[in-house]
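J.: Below is a structure I'd like to ask you about.
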Amino acid sequence: MAFEELLVKAGGVGLFQGLQIGTLLLPAFFIPFHMLLENFSAAVPDHRCWTHLLDNSSVVPTNLTHEALLAISIPPGPNLQPHQCRRFRQPQWQFLDPNATVTNQSEAATEPCVDGWVYDHSTFTSTTVTRWDLVCNSRGLKPLGQSIFMAGILAGALIWGFLSHRLGRKPMLSWCCLQVAVAGSGVILAPNFFIYCGLRFLSAFGLAGVILTQTTLMAEWTTTRRRAVTMTILGCTYSTGQMALAGLAFAFRDWRILQLAVSTPYLATFLLSWWLPESARWLITSGQPEKALQALQKVAKINGHKEAKNTLTTEVLTSSMAGEATESQGSVLDLFRVPILCQRTCIMVLVNFSLMLSYYGLVLDLQSLGRNIFLLQTLFGAVDFLGRAMTVLLLRFLGRRTTLVGSLALAGFSILANALVPQDLQTLRVAMAILGKGCFGICLTSLCVYSTELFPTPLRMTADGFLQSVGRLGAITGPLIKVTSQALPLMPPLTYGALPIVSSLVLLLFLPETQGIPLPDTIQDLESRTSTAKGSQQEVVIMESTWF
């Protein structure tokens, strides 16, 4: 007996599934808060060097205006505004002369900000940048911190996937929620930037476990017909969290308070998670039929199926265990041993890496698009929501490959075009960035469907885990590329824009359309379909898949 029938005997989709989704959507709602938090907690305010004349109240001349003192203390920067990283060694009183020339200003001796910086606190009262002076020569530490966080996600995905398979989904979910709450809250006590990065790494490590276990629990307690709807709700919850982050950051302008606000809800999730039953599917496959029976009967009771005591028995579970025997999963090396699998794996590695690199390069750099980052974050979340909702229709009418190729290419062109738009045309720059963000939302959703249909059943989970790890490497690399902007300002946008375009062309040329084609169960299925496609030019008309 298939496990699907056991779920039906336990009530199918009922009150339990509603309560479970409601419980698991709470941590899902706060996941984007942590992923995109440093758009606000690490925002870089306007700043200049600290100077005696401007900032030492005991020596400030009372007969001069602030603008005059600024002119004799701080040299002009590249944009003719006060320089953010240099100051005059001595006050240049001669610049008060209206006949002073730009040449005289450029010849005056300057020095770095040896006494620190003065920050504009009109938008944020405090950020990690102002806390540890991550500006000027130290500004590369900010993207380094973002990459360390992404490295925590990558490491957590590898470790928690193994532990949840060996120890169960529910205990890992509870522990990861507690870890995110403790490490995330402890960040505010960090005495230096490197301990801050270490605690952020631990928080990201736990966050990866939350993402993995909540998705698995929701999928394994939901029938096949309702699973797509459940996953769509989960994706829309992520988008809603992106929009809500803007409101929370607008309300809390101090990075410590904001950090606590996004971390403490996981303590509530830790407490709420204890009512959740373990995955009965996992209990069956791990040889624990008694516990699986208790979990199924608990679900049946919540769903109001009182007759489940008679229909859910040990004998029924024993027969289900035979039906649920799973094939041995292949290793990552198996993805490269067969030519057709090697080709698909290499192309999808390029697609996943370039997509995540460009995605996080865009969404973690809101300040380069405009000053109102609260509005930008809200718009990004809204367009992500619309993109995920539109993907269902696009996949149905355009197909998997066309949707993914088109959205990848359009996202890349949007980023490249944005690099050519002058800084003063903020409305156009924001519009192009929003278009790119919406396309990335479509990419992420369609990629989940397309990559599943490319690989045979014994290697499907192996391929999915491997490609997600490659994507996380792209997410780590994306913020690091921002460091090159100090020497090569056009390098980041050119990289973020060109890689999706190149990967879309490779995908279009070398990978097939999978719409309406049954999932391949073996490698032989893939090879036979490929040979049939090469030997015949006739068009095969197939019915639309009922995946949705």
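J.: Quick one: if the Förster radius is 22 Å, what FRET efficiency do residue 286 and residue 159 give, using the C-beta to C-beta distance and rounding to 0.05? All intermediate terms of the calculation are to be shown ahead of the outcome.
T.: Details: r = 19 Å, r/R0 = 0.84.
After rounding, the FRET efficiency stands at 0.75.
J.: Using a probe of 1.4 angstrom, how much of the accessible area of the stretch 186-277 is carbon and sulfur, in percent? Present the calculation step by step, with values, prior to reporting the outcome.
T.: Details: 2720 of 3550 Å².
Exposed carbon and sulfur together represent 77 percent of the surface.
J.: So if R0 is 56 Å, what FRET efficiency would residue 229 and residue 125 give, r being the distance between their Cβ atoms, rounded to the nearest 0.05?
T.: According to the calculation, E is roughly 0.85.
J.: Quick check on packing: order 32-38, 118-124 by the mean number of other C-beta atoms within 10 Å, highest mean leading. Don't skip to the end; give the middle numbers.
T.: Working: 32-38: 23.4, 118-124: 15.9.
In descending order of packing, they fall as 32-38, 118-124.
J.: Sorting check: for 427-435, 510-518, 358-366, 258-266, which peptide has the highest mean count of neighbouring beta carbons within 10 Å, and how do the rest follow?
T.: Working: 427-435: 17.6, 510-518: 15.7, 358-366: 24.3, 258-266: 21.1.
Sorting 427-435, 510-518, 358-366, 258-266 by mean packing, highest first, produces 358-366, 258-266, 427-435, 510-518.
J.: Let me ask you something else. Taking the Cα-to-Cβ direction at residue 250 and at residue 56 and moving 7 Å from each Cα, how far apart do the two end points lie in nm?
T.: 4.3
J.: Report the extension gain between residue 115 and residue 487 in nm, rounded to one decimal, defined as 0.36 nm multiplied by the number of residues separating them, less their alpha carbon distance.
T.: Working: separation 372, 0.36 × 372 = 133.92 nm, distance 2.52 nm.
Full extension from residue 115 to residue 487 adds 131.4 nm.
The values are calculated or read from the model by the stated rules, or taken from the named source; none is laboratory data. As the structure is a prediction and not an experimental result, all values here were calculated from the model. So basically every Cβ, Gly included, is an ideal-geometry build from the backbone, and we count neighbours across all protein chains shown. To get the accessible areas, we keep the full protein, side chains included, count just its heavy atoms, and leave off ligands, DNA and RNA. Shrake-Rupley method; radii C 1.70, N 1.55, O 1.52, S 1.80 Å.
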